[in-house]
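What follows is a set of notes on a single structure, which appears directly below.
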Amino acid sequence: MAHRIGGRKLSRKQGPRLALFKNLTVSVLRYERVQTTEAKAKEISGRVEKMITLAKRGDLAARRAVIAEFPNEPLVVTKLFDEIAPKYADRTSGFTRIVHMGQRLGDSAPIVQIELV
């Protein structure tokens, strides 16, 4: 039974899958938009929203939690707290948008653009 087990496996083992999610989350926060497949975008959308919500709190514990998530990305952490979080101070959720771009030529995978609203 697969009760209480959520998320997509994306044909990867746990380590590479979590690394993929972290790298995509960092890319969305750094560039504010990324083109990827629909499944990957839907999976990282919640992770990006969680990081922005943490940054909106703005206290030391929230900053340490974000640094623990992205220890090798100090510029992304700074941008998240100084630029992105104040921009969404009036919102409670809904920081990301997924826009359908079409299908990939090689395998017809649905390609989307995930961006910060």
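The values are calculated or read from the model by the stated rules, or taken from the named source; none is laboratory data. Predicted, not measured: the structure shown is a model, and the values here were computed from it. Because the Cβ atoms are built from the backbone with ideal geometry, glycine has one as well, and the counts that use them run over all protein chains shown.
The conditions are (1) within 24 Å of Asp107 (Cβ to Cβ); (2) assigned to a helix (DSSP H, G or I), and Lys22 fails exactly one of them. Which is it?
Condition (1) is where Lys22 drops out.
Just a yes or no: is a residue in region 104-117 at pLDDT below 95, more than 16 Å from the chain's Cα centre (by Cα), β-branched (Val, Ile, Thr) and surrounded by fewer than 13 Cβ atoms within 10 Å (Cβ to Cβ)?
No - not one qualifying residue is present in region 104-117.
Quick one: how many residues across region 51-106 are among the acidic types (Asp, Glu) and assigned to a helix (DSSP H, G or I)? Step through it out loud before you land on a result.
Initial filter on region 51-106 (among the acidic types (Asp, Glu)): 59, 69, 73, 82-83, 90.
Remaining after also requiring assigned to a helix (DSSP H, G or I): 69, 82-83.
Result for region 51-106: 3.
Could you run through region 11-31 and say how many residues are touching a helix residue (DSSP H, G or I) at 6+ places or on another chain (Cβ under 8 Å) and either surrounded by 14 or more Cβ atoms within 10 Å (Cβ to Cβ) or modelled with pLDDT of 95 or more (or both)?
Here is the first cut: in region 11-31, the residues touching a helix residue (DSSP H, G or I) at 6+ places or on another chain (Cβ under 8 Å) are 12, 20-22, 24-26, 28-30.
From what is left, the residues that are either surrounded by 14 or more Cβ atoms within 10 Å (Cβ to Cβ) or modelled with pLDDT of 95 or more (or both) are 20-22, 24-26, 28-30.
Selection size over region 11-31: 9.
For region 75-117, what are the residues that are among the aliphatic types (A, V, I, L, M), in contact (Cβ under 8 Å) with a residue 60 or more places away in the chain and in contact with a Leu (Cβ under 9 Å, 6 or more places away or on another chain)? Even if it seems obvious, please write down each step before you answer.
Going through region 75-117, the residues among the aliphatic types (A, V, I, L, M) turn out to be 75-77, 80, 84-85, 89, 98-99, 101, 105, 109, 111-112, 114, 116-117.
Now restrict to residues that are in contact (Cβ under 8 Å) with a residue 60 or more places away in the chain: 98, 101, 109, 111-112, 114, 116.
Those that are among the aliphatic types (A, V, I, L, M), in contact (Cβ under 8 Å) with a residue 60 or more places away in the chain and in contact with a Leu (Cβ under 9 Å, 6 or more places away or on another chain): Ile114, Leu116.
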